[in-house]
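The values are calculated or read from the model by the stated rules, or taken from the named source; none is laboratory data. Since this is a predicted model, take the numbers as computed values, not measurements. Ideal geometry is used to build each Cβ from the backbone, glycine not excepted, and the neighbour counts take in all protein chains shown.
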Amino acid sequence: MEPDPPSTPSRAAATWVILTASLILLWTLVSVWLLAIPAPAQSACPAVHPAPAGCSPARVPVAALWSVVLAAAYATVLILALKARHRGLGALIGGVVMLAALGFAAYRVTLDG
């Protein structure tokens, strides 16, 4: 018997992957930039580690770098979903899991930055 070829994902599966990846990217970018945007000059920042949101100017370059990394990962997921459907559903799910893991890493690194 020959092994079954990998099933190609349907258009609906690709749509769900794109929607999920878009929501992950949006949530991550909003949460990372809420940490990085400096607080108004009138507000006081407590001396705790990690610093509260907006209290560490060193977070801005870190957030910018992670934004570029996340955009590249999102573009990869989009390409997999739109052009490389012959790779199978595992590749699409793997791309979304990779994007989610990078999103978590981006948040943690920005928080510590």
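Here is how the numbers come out for the structure above:
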quantity	calculated
Residue list for the range 20-34, filter: more than 9 Å from the chain's Cα centre (by Cα) and farther than 15 Å from M98 by Cα	V30, S31, V32, W33, L34
Of residues in the range 9-55 being polar (S, T, N, Q) and at pLDDT 85 or above, the one farthest from A84 (Cα to Cα)	S31
Qualifying residues in the range 23-58 (those that are of a type outside the set (A, V, I, L, M) and touching a residue at least 24 places away in the same chain (Cβ under 8 Å)) - the one farthest from G94 (Cα to Cα)	S56
The range 92-103 - residue that is in contact (Cβ under 8 Å) with a residue 24 or more places away in the chain and closer than 25 Å to P57 by Cα and, of those, surrounded by the most Cβ atoms within 10 Å (Cβ to Cβ)	G103
Qualifying residues in the range 59-70 (those that are among the small types (G, A, S) and free of Cβ contacts under 8 Å to residues at least 40 places away in the same chain) - the one farthest from L29 (Cα to Cα)	A64
Breaking point among (1) surrounded by fewer than 16 Cβ atoms within 10 Å (Cβ to Cβ); (2) touching a residue at least 60 places away in the same chain (Cβ under 8 Å), for T76	(2)
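Here's the yes/no breakdown for (1) within 26 Å of R11 (Cβ to Cβ); (2) in contact with a helix residue (DSSP H, G or I) (Cβ under 9 Å, 6 or more places away or on another chain):
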position: W66; (1), (2): no, yes
position: A81; (1), (2): yes, yes
position: L92; (1), (2): yes, yes
position: V97; (1), (2): yes, no
position: A106; (1), (2): no, yes
